[in-house]
1. Restricting the search to the range 5-40, which residues are of a type in the set (A, V, I, L, M), part of a strand (DSSP E or B) and surrounded by 14 or more Cβ atoms within 10 Å (Cβ to Cβ)?
2. Checking the conditions here, which among Pro137, Pro160, Pro141 is in contact (Cβ under 8 Å) with a residue 24 or more places away in the chain, open to solvent by 30 Å² or more (accessible area, probe 1.4 Å), touching a Phe, Trp or Tyr at 6+ places or on another chain (Cβ under 7 Å) and not in a strand (DSSP E or B)?
3. Is it the case that the range 181-199 has a residue that's over 20 Å from the mean Cα position of the chain (by Cα) and at positive phi?
4. Any chance the range 87-96 includes a residue that's in contact with a helix residue (DSSP H, G or I) (Cβ under 7 Å, 6 or more places away or on another chain), aromatic (Phe, Trp, Tyr) and crowded, with 22+ Cβ neighbours inside 10 Å?
5. Taking the criterion of being in a loop (DSSP other than H, G, I, E, B) and open to solvent by less than 20 Å² (accessible area, probe 1.4 Å), would at least one residue in the range 248-260 satisfy it?
6. Thr117 is checked against (1) out of contact with any Cys (no Cβ under 9 Å at 6 or more places or on another chain); (2) more than 25 Å from Arg57 (Cα to Cα); (3) surrounded by fewer than 21 Cβ atoms within 10 Å (Cβ to Cβ) and fails just one. What number does that condition carry?
7. Among what's in the range 198-238 and is aliphatic (A, V, I, L, M) and open to solvent by less than 10 Å² (accessible area, probe 1.4 Å), pick the residue that is farthest from Gly14 (Cα to Cα).
Amino acid sequence: MMTVKVFRSPARHGYAVEVSPYIPSRVACAASQYYGIAGCGTLLVLDQTETGLTLVRSWEWSDGLFDVAWSEANEHVLVAGGGDGSLQLWDTANHSAPLRVAKEHTQEVYTVDWSQTRGESLIVSGSWDQTVKVWDPALSPSLTTLRGHEGVIYSTIWSPHIPGCFASASGDGTLRIWDVKGAVCRLAIPAHKAEILSCDWCKYDQNVVATGSVDCTVCVWDLRNIRQPVNQLLGHTYAIRRLKFSPFDKTVLASCSYDFTVRFWDYSRQQPLLDTVEHHSEFVCGLDFNLHIPNQVVDCSWDETVKVYTPACLSVGAHSAAP
């Protein structure tokens, strides 16, 4: 039986979760009132205990919060993206206001990510204003603004392998790979014939990126040969909101969807679907793997819950024993 730890956030609908890169038990959640359509946002910092999840800190923001990322250089610091076009830098040691607010985007900031490669500390943000911006960790005026997408930008994710390189996914149906130093798009892939809401890099192969779309499919791409995906993962019945590659298995990834489920896949298999977890009663929007605790997963949903669990299909022996 799968053990699930639950945190309830009444009247706050979860949009994103991320596990701390420093503290194995710590999780951040970006949430919004009224499904993010109106009202304010809340940033939650939670700690796992033996039996559940406890609130460490929460902050209110004047608009919805849609994404959150932990600093890769300071265990106390996080960045969030807001419906008012702002990025806010928060510090768990500072109880009241953000350390800094940067407001350059002209519409909702839907995605933020903090670079993970050594010797580099940069933040990337993507917005409904169809631009991507790159920032230093102090959120000084943005270092560069990148244009090229012709739709809302839903996902911007740094390569874990290549410094100054990130992927972006957009409502225009393309996956783009960007080079910050040259301030150019290196690759534009017409990955889906529908909006792409999420992308992520494989943690073990610098050429592999996955996309999740409103067309209910996950596509896995090898950037060296973009004519067709390496695999197309079928099973979701509504839009895929977010996907994440496992930090522990080269070909395993998870996806969450507006069909209320989280699905686990091994894209190297002929039958890639490993498991479907159905424990939410609303859209599942946030998803992350714990970097410290093998195969532990965190998700959040519009049903006002954050859940932590280890899916049976990834528990020791289960995955390798399957056909």
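The values are calculated or read from the model by the stated rules, or taken from the named source; none is laboratory data. Predicted model only: the values in this text are computed from it and were never measured. All Cβ positions, glycine included, derive from the backbone under ideal geometry; neighbour counts span all protein chains shown. Side chains are part of the model used for accessible areas, which takes the heavy atoms of the whole protein and leaves out ligands, DNA and RNA. Shrake-Rupley method; radii C 1.70, N 1.55, O 1.52, S 1.80 Å.
1. Step one: filter the range 5-40 for residues of a type in the set (A, V, I, L, M), giving 6, 11, 16-17, 19, 23, 27-28, 30-31, 37-38.
In the following step, the residues that additionally are part of a strand (DSSP E or B) were identified as 6, 16-17, 19, 27-28, 30-31.
Matches in the range 5-40: Ala16, Val17, Val19, Val27, Ala28, Ala30, Ala31.
2. Numbers: Pro137 fails: touching a Phe, Trp or Tyr at 6+ places or on another chain (Cβ under 7 Å); Pro141 fails: touching a Phe, Trp or Tyr at 6+ places or on another chain (Cβ under 7 Å).
Only one candidate passes the filter, namely Pro160.
3. Yes.
4. Our first condition is that a residue be in contact with a helix residue (DSSP H, G or I) (Cβ under 7 Å, 6 or more places away or on another chain); within the range 87-96, this holds for none.
The answer is no; no qualifying residue exists.
5. Step one: list which residues in the range 248-260 are in a loop (DSSP other than H, G, I, E, B), which gives 248-251, 258-260.
With the extra rule that they be open to solvent by less than 20 Å² (accessible area, probe 1.4 Å), the set shrinks to none.
Among the residues of the range 248-260, not one is in a loop (DSSP other than H, G, I, E, B) and open to solvent by less than 20 Å² (accessible area, probe 1.4 Å), which makes the answer no.
6. (1)
7. Let us first name the residues in the range 198-238 that are aliphatic (A, V, I, L, M), namely 208-210, 214, 218, 220, 223, 226, 230, 233-234.
Narrowing further to those that are open to solvent by less than 10 Å² (accessible area, probe 1.4 Å): 208-210, 218, 220, 233.
Working: Val208: 28, Val209: 25, Ala210: 23, Val218: 22, Val220: 26, Leu233: 25 Å.
Only one residue fits best here, namely Val208.
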